[in-house]
1. Is one or more of the residues making up region 87-108 of a type in the set (S, T, N, Q) and modelled with pLDDT of 70 or more?
2. Specify which of the listed residues (THR145, THR138, THR114, THR130) is buried (at least 16 other Cβ atoms within 10 Å of the Cβ), among the hydroxyl-bearing types (Ser, Thr, Tyr) and within 22 Å of ASP53 (Cα to Cα).
3. Only one residue in THR82, THR67 is in contact with a helix residue (DSSP H, G or I) (Cβ under 6 Å, 6 or more places away or on another chain) and either modelled with pLDDT of 90 or more or surrounded by 13 or more Cβ atoms within 10 Å (Cβ to Cβ) (or both). Which one?
4. If you check THR114 against the conditions, is it polar (S, T, N, Q) and at pLDDT 75 or above?
Amino acid sequence: MTTERPPRFPAFRVIVVLVALVNLILTIAIIAQVRELQKRVASLPPDLARKHDVAMLRPLRIRQIITQNCVDCHSTRRLGVTVSMEPSEVQRTVERMENHPGADIPPREFERITASLLVARCARCHGEETLNLMVLKTQPERLATIRRMAALPGSGVRADQALAIAQAFEKLINDGTDKGNSSPPAQPTGR
């Protein structure tokens, strides 16, 4: 006659059951978190960011550049005359300012001033927030926008000035991205 051994519960089975239990608990926790995340995503507004919000991440500080570099010596009224100048006149005026007594502004800064004065033409009708939307456009899109605005009556911008203004926008936009560039500033051409 054989005696029956009492059934043993091996340790391996205990470990497998514990792992399965932990796995089940973790799966339930993940499902609960996914459902909570789905509810939160569903409650988000359809437009998380507007173009305006994105443009303000890298704003064009046109007025600050002009104020910082020009208003110390020139009145706002005198600067207003500069805004209505032809692009070539603005460039000549700024180049003459390089030789102005007390003008210790580097050439690159004068390029920024010139570009800001050209872009300031747009500020007669548009606020700085609207001008910052130009950051989101490509160069051809900017040029098309400026040409479209120049065609409007009373814009103060002629169609032949559109390219110079688009290049000024490009200069200001690129100047913001070139701040970390270690290359020396470009020397102005022709005096």
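1. no
2. When all the criteria are applied, what remains is THR145.
3. So the residue among THR82, THR67 that is in contact with a helix residue (DSSP H, G or I) (Cβ under 6 Å, 6 or more places away or on another chain) and either modelled with pLDDT of 90 or more or surrounded by 13 or more Cβ atoms within 10 Å (Cβ to Cβ) (or both) is THR82.
4. Judged against the criteria, THR114 is a match.
Okay, residues lined up against (1) outside any helix (DSSP H, G or I); (2) modelled with pLDDT of 80 or more:
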| site | (1), (2) |
| --- | --- |
| ARG142 | no, yes |
| THR145 | no, yes |
| ARG148 | no, yes |
| LEU152 | yes, yes |
| GLY156 | yes, no |
| ALA164 | no, yes |
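The values are calculated or read from the model by the stated rules, or taken from the named source; none is laboratory data. Here the structure is a predicted model, which is why all the values come from computation and not from measurement. No Cβ is skipped: glycine too gets one built from the backbone with ideal geometry, and neighbour counts run over all protein chains shown.
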